Every structure is written in structure tokens, then in C-alpha cells.
1. Only bridges whose two residues both fall in the chain count here: according to DSSP, what percent of them are antiparallel, nearest 5?
2. Subtracting the Cα-Cα distance from 0.36 nm times the residue separation, let me have the gained length for Leu101 to Arg152 in nm, one decimal.
3. Compute the normalised compactness of the stretch 42-141: alpha-carbon radius of gyration over 2.2 N^0.38 Å, N being the residue count.
4. Would you list Asp133, Asp10 from fewest to most Cβ contacts within 10 Å?
5. List the GluC sites (Glu not before Pro) within the stretch 110-165 that fall in a DSSP loop (any state other than H, G, I, E or B) and whose Cβ has at most 10 other Cβ atoms within 10 Å.
6. Run through the stretch 44-106 and list the chymotrypsin sites (Phe, Trp or Tyr not before Pro) located in a DSSP loop whose Cβ has at most 14 other Cβ atoms within 10 Å.
7. Give the peptides 105-115, 24-34, 157-167 in descending order of average Cβ contacts within 10 Å, highest first.
8. Given N residues in the chain, what is Rg(Cα) / (2.2 N^0.38 Å)?
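Only the coordinates and a few stated rules stand behind these numbers; no lab work does. Owing to the predicted nature of the structure, the values given are computational and were not obtained by experimental measurement. Cβ coordinates were reconstructed from backbone atoms using ideal geometry, including for glycine residues, and neighbour counts include every protein chain displayed.
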Amino acid sequence: MPPEQPQPYDFRPVTVNDLPLIAGWLKEPHVAEWWDDPAKEIAEIREHIDSVSVEPLIVELDGRPIAYLQSYDPHMEDDHPYADQPFGTLGIDLSIGPPELVGIGHGSAIVRQFVEELFEEGALRVVIDPHPDNGRAIRAYEKAGFRPIGRRHSQYGDVVLMAVDAAEDDENLGD
């Protein structure tokens with residue numbers, strides 16, 4: 001049995017005290033390009049703090065908050081555009097906050113570690129939905145084991161729906 005590898009990222013629930021930090025990240029050009037109005041997004045994240053369908057998280061590296069991550073169950077929301085995915089599917093969204101941490105491998109590493117944890121908790125599939133023009137995110141998610149399964153247009157805009165299945169975990173994650 002191989003030794004357990006250290007997990008560099010910690011995932012903790014978002015608190016109201018984190019909202020100013022997230023609001024600042026949402027104003028960064030590399031984040032603002034892909035998210036809606038920061039005030040609207042912060043209001044939604046605030047609602048998610050007590051939600052049963054969406055889990056908002058702060059990603060920390062060595063105790064430093066570096067990203068906003070949320071996971072959600074598309075089957076727990078009325079008319080969710082991904083409710084056609086198999087039961088046991090969870091969706092995730094990620095935004096790295098500090099600009100100096102973008103483009104150096106954190107995105108794929110965070111997603112890979114978090115997806116492994118979701119599979120350990122029983123998820124059967126994880127989906128993520130970058131905008132078709134967000135090549136950096138698409139490449140990061142492919143590096144983390146995701147594959148495109150279709151294009152979608154919904155209230156969230158145009159997306160490339162990408163998925164990784166628990167059965168593929170050993171084959172794709174960590175490559």
C-alpha cells in the first residue's frame with residue numbers, strides 16, 4: 001500500500017467574515033470576467049452559507065485563503081440544468097482569488113484533491129461548467145481528469161459541461 005500523500009489544501013466552510021475577502025476576489029479581472037455582478041454573487045454566497053444544496057468553501061494553502069470553491073447537488077434544486085445527470089452527481093465551481101496564484105497549477109491541483117474527497121464521501125460523478133472561452137480553466141480541469149461531455153446554455157450562460165466519474169478516478173485523477 002503506497003504511503004498517503006500529504007494534502008496541500010484545506011477546505012473550510014465560508015463564514016460571513018469571509019464575504020469581504022470573496023468580494024475583493026470577485027473584483028479581480030481574472031475572476032470578474034467569468035462571474036456576475038459581485039454584489040449579486042456575494043448575496044448568493046451569503047444565502048449558501050446556510051443552504052443544504054450548495055456548500056460554499058474557502059480553500060486554504062498553509063493557512064492562507066487562496067480560492068473560493070462551492071459544491072452543489074443539481075438534484076436538490078428545482079429546474080437545475082444539470083438535473084439530467086445521474087443521481088450521485090455533484091457539481092463544483094472554483095475561483096482562485098490572488099492573481100499571482102493563477103496559471104501555476106493550483107486550479108487543477110485543488111480540483112483534483114477536492115474531487116478525490118467527494119469520491120471518498122460517495123459521489124459517483126462530479127461536473128464542472130467553465131465558459132467555452134475560458135481555455136485556462138478547461139485545460140486545468142482536463143489536467144484534473146475531467147472530460148467534456150457537452151455544451152449547454154442555461155441561466156448560467158454558455159458552458160462546456162465537463163465530468164469525471166468515480167469509476168475513472170484511478171485512471172484520470174492525478175495524471
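1. Within the chain, antiparallel bridges account for around 90 percent of the total.
2. Net length gain for the segment: 15.5 nm.
3. That works out to 1.09 for the stretch 42-141.
4. Lowest count first: Asp133, Asp10.
5. Of the GluC sites (Glu not before Pro), the ones in loops of the stretch 110-165 whose Cβ has at most 10 other Cβ atoms within 10 Å are Glu121.
6. Passing sites in the stretch 44-106 are Phe87.
7. Answer by packing, highest mean first, reads 105-115, 157-167, 24-34.
8. The value comes to 0.98.
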